[in-house]
Amino acid sequence: MENIEILKKWVDECNNIVFFGGAGVSTESGIPDFRSVDGLYNQQWSYPPETILSHTFFTENPEEYYRFQRAKLVIKDVKPNTAHLKLAELEQKGKLKAVITQNIDGLHQMAGSKEVLELHGSMLRAYCSKCGKTASVEKMNYGQGLPLCEYCGGIIRPDIVLYEEALDDNIVQKSISYIRKCEMLIIGGTSLNVYPAAGLINYYRGNKLVLINRSETPYDRYADLIIHANIGEVFSNL
Ligand code: ZN
């Protein structure tokens with residue numbers, strides 16, 4: 001594909017690339033996309049996932065929240081795919097400065113990426129909702145019943161941003177700084193409908209905005225290069 005050749009050329013030339021990724025980066029590792037047609041949001045459950053994954057719901061119905069988290073968000077034996085591995089390789093070569101992700105699965109770190117800005121946190125970290133101490137992820141994700149803090153008995157929670165909760169401002173500011181300064185911004189696997197993705201990319205000042213997504217996005221017209229394909233497939237050609 002001609003566009004992939006252009007992307008390859010740009011990647012070869014640029015030494016200050018930033019990658020911004022969404023759910024589509026992880027779907028090829030077998031992690032369901034929350035918002036795609038066949039994703040979590042269309043599955044049968046007593047409440048919509050947006051409700052279950054909210055701060056209020058977690059506080060009022062922690063048992064049901066955990067039933068959902070363990071059944072739907074904890075996915076065993078996932079491995080990084082071509083896109084994760086290639087991004088880690090580009091960072092190692094000094095070409096890529098940061099990965100900004102909306103995913104909570106830790107796959108970029110598993111692939112070897114060092115500078116990963118997790119806008120929505122990580123399912124691979126847990127802390128006590130009462131005293132704030134770090135807690136066991138094993139107990140949280142694979143235990144029985146409500147996971148409780150060994151120090152104070154409070155309910156353990158994942159270090160993710162639930163609905164109604166604010167993003168970590170430190171991570172947002174760092175992301176803005178990387179996007180502002182980068183030469184090339186590659187956006188992949190996101191339809192850019194989800195806050196704060198759209199807002200963040202407005203900080204980009206360069207002329208190499210690349211959008212890789214299977215379907216069209218509202219931002220296609222702003223892109224300097226658009227590739228409608230699976231992200232893993234594109235990265236396997238770089
Ligand atoms: Zn505690």
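Worth pointing out:
- Flag if Val78 is touching a His at 6+ places or on another chain (Cβ under 9 Å), closer than 29 Å to Thr190 by Cα and surrounded by 14 or more Cβ atoms within 10 Å (Cβ to Cβ): no
- The single condition among (1) more than 16 Å from the ligand (Cβ to nearest atom); (2) at pLDDT below 95 that Gly143 does not satisfy is (1).
- Qualifying residue in the stretch 159-178 (condition: buried (at least 16 other Cβ atoms within 10 Å of the Cβ), at pLDDT 95 or above and within 16 Å of the ligand (Cβ to nearest atom)): yes
- Taking the stretch 66-173 and the strands (runs of 3 or more DSSP E) fully enclosed by it, the elements with 2 or more residues that are farther than 18 Å from Gly21 by Cα are at 121-128, 156-160.
- Within the stretch 45-65, considering residues that are within 16 Å of Tyr163 (Cβ to Cβ) and assigned to a loop (DSSP other than H, G, I, E, B), the one most open to solvent (accessible area, probe 1.4 Å): Tyr47
- Among residues of the stretch 179-227, those that are under 18 Å from Cys14 (Cβ atoms), part of a loop (DSSP other than H, G, I, E, B) and either open to solvent by less than 10 Å² (accessible area, probe 1.4 Å) or not aromatic (Phe, Trp, Tyr) (or both), counted: 8
- Of residues in the stretch 126-140 being away from the ligand (no atom under 12 Å from the Cβ) and either closer than 18 Å to Asn61 by Cβ or more than 22 Å from the chain's Cα centre (by Cα) (or both), the one least open to solvent (accessible area, probe 1.4 Å): Met140
- Matching option when the condition is in contact (Cβ under 8 Å) with a residue 24 or more places away in the chain, within 21 Å of Phe68 (Cβ to Cβ), open to solvent by less than 20 Å² (accessible area, probe 1.4 Å) and more than 17 Å from the chain's Cα centre (by Cα), among Gly154, Gly121, Gly145: Gly154
The values are calculated or read from the model by the stated rules, or taken from the named source; none is laboratory data. Nothing here was measured: the structure is a model prediction, and the numbers come from that model. Reconstructed Cβ throughout: ideal geometry from the backbone, glycine too, with neighbour counts over all protein chains shown. Each accessible area value is taken on the protein alone, full model and side chains, heavy atoms only, with ligands, DNA and RNA left out. Shrake-Rupley method; radii C 1.70, N 1.55, O 1.52, S 1.80 Å.
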